[in-house]
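**Student:** This is the structure I have questions about; it appears just below.
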Amino acid sequence: MLLNLPAEFDEVLPAPSRALAAVAALLVTVGLMVGGVLPNAHAALIGCLLMGLAGCVDLASAYRAISWKSLVLIVGMLPFSVALQRTGGVDLAAEGVLAVAGNAAPHLLLGIIFVVTAGLGMFISNTATAVLMAPVALAVATDIGASPIPSP
């Protein structure tokens, strides 16, 4: 039925006594990210450590929550992405996007990158597409003099 709980719901162990600690860890993590005190990856790791220290999650459940298929796919695609960067494939793809767009506005370039990414995503996994297209998007941003880092 459409309105049933997900199958994974039985795997979730309710721990209402840990709710306050979990919310505190979340607030610390978000505060570190928003405040720019640490890089986001470090803030997220600190949040994970706080959740573990507070007993909100144990090592076995954290280990079970890892999507090993996605992890292996990302690790397997990273060398391919690095090879594309070193051989000039990323620059070639960025030049292709710029050749199609001409002197278009950055928003149109972003739209073209989106369409190419969506098209690739129809044939290969979304994770692999992201690993392959991120360097292309960064190269296009660098070529047009735009910052690849979003502004607040």
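**Student:** Give me a count of the residues in segment 128-150 that are assigned to a helix (DSSP H, G or I), open to solvent by 40 Å² or more (accessible area, probe 1.4 Å) and under 27 Å from Leu71 (Cα atoms). Explain how you work it out, then say what you get.
**Tutor:** Residues of segment 128-150 that are assigned to a helix (DSSP H, G or I), as a first pass: 128-144.
Filter once more, keeping what is open to solvent by 40 Å² or more (accessible area, probe 1.4 Å): 130, 134, 138, 142-144.
Retained after the next criterion (residues that are under 27 Å from Leu71 (Cα atoms)): 130, 134, 138.
Matching residues across segment 128-150 total 3.
**Student:** Right, something else. Residues being under 14 Å from Asp143 (Cβ atoms) and in a helix (DSSP H, G or I): count how many of those fall in segment 76-103. So that I can check it myself, show each step before the final result.
**Tutor:** Of the residues in segment 76-103, the ones under 14 Å from Asp143 (Cβ atoms) are 88, 90-103.
Within this subset, residues satisfying the condition of being in a helix (DSSP H, G or I) are 90-101.
Counting residues in segment 76-103 that are under 14 Å from Asp143 (Cβ atoms) and in a helix (DSSP H, G or I) gives 12.
**Student:** Kindly list the number of the only condition in (1) assigned to a loop (DSSP other than H, G, I, E, B); (2) closer than 23 Å to Ile149 by Cβ; (3) in contact (Cβ under 8 Å) with a residue 24 or more places away in the chain that fails for Gly55.
**Tutor:** Every listed condition holds for Gly55 apart from (2).
**Student:** So, of the residues in segment 117-127 that are at pLDDT below 85 and in a helix (DSSP H, G or I), which turns out to be most open to solvent (accessible area, probe 1.4 Å)?
**Tutor:** It comes out as Asn126.
**Student:** Of the residues that make up segment 28-39, is at least one hydroxyl-bearing (Ser, Thr, Tyr) and open to solvent by 60 Å² or more (accessible area, probe 1.4 Å)?
**Tutor:** Quick first cut of segment 28-39, residues hydroxyl-bearing (Ser, Thr, Tyr) only: 29.
Then drop every residue that is not open to solvent by 60 Å² or more (accessible area, probe 1.4 Å), which leaves none.
Within segment 28-39, none of the residues are hydroxyl-bearing (Ser, Thr, Tyr) and open to solvent by 60 Å² or more (accessible area, probe 1.4 Å).
**Student:** From Leu110, Leu92, grab the single residue that is open to solvent by 60 Å² or more (accessible area, probe 1.4 Å), more than 22 Å from the chain's Cα centre (by Cα), under 19 Å from Pro148 (Cα atoms) and not hydroxyl-bearing (Ser, Thr, Tyr). First the steps, then the outcome.
**Tutor:** On the way: Leu110 fails: more than 22 Å from the chain's Cα centre (by Cα).
After applying the criteria, what remains is Leu92.
The values are calculated or read from the model by the stated rules, or taken from the named source; none is laboratory data. Predicted model, so just to flag it, every value in this text is computed and none were measured. Neighbour counts run over all protein chains shown; Cβ positions are idealised from the backbone, glycine included. With ligands, DNA and RNA removed, areas are computed over all heavy atoms of the protein, side chains included. Shrake-Rupley method; radii C 1.70, N 1.55, O 1.52, S 1.80 Å.
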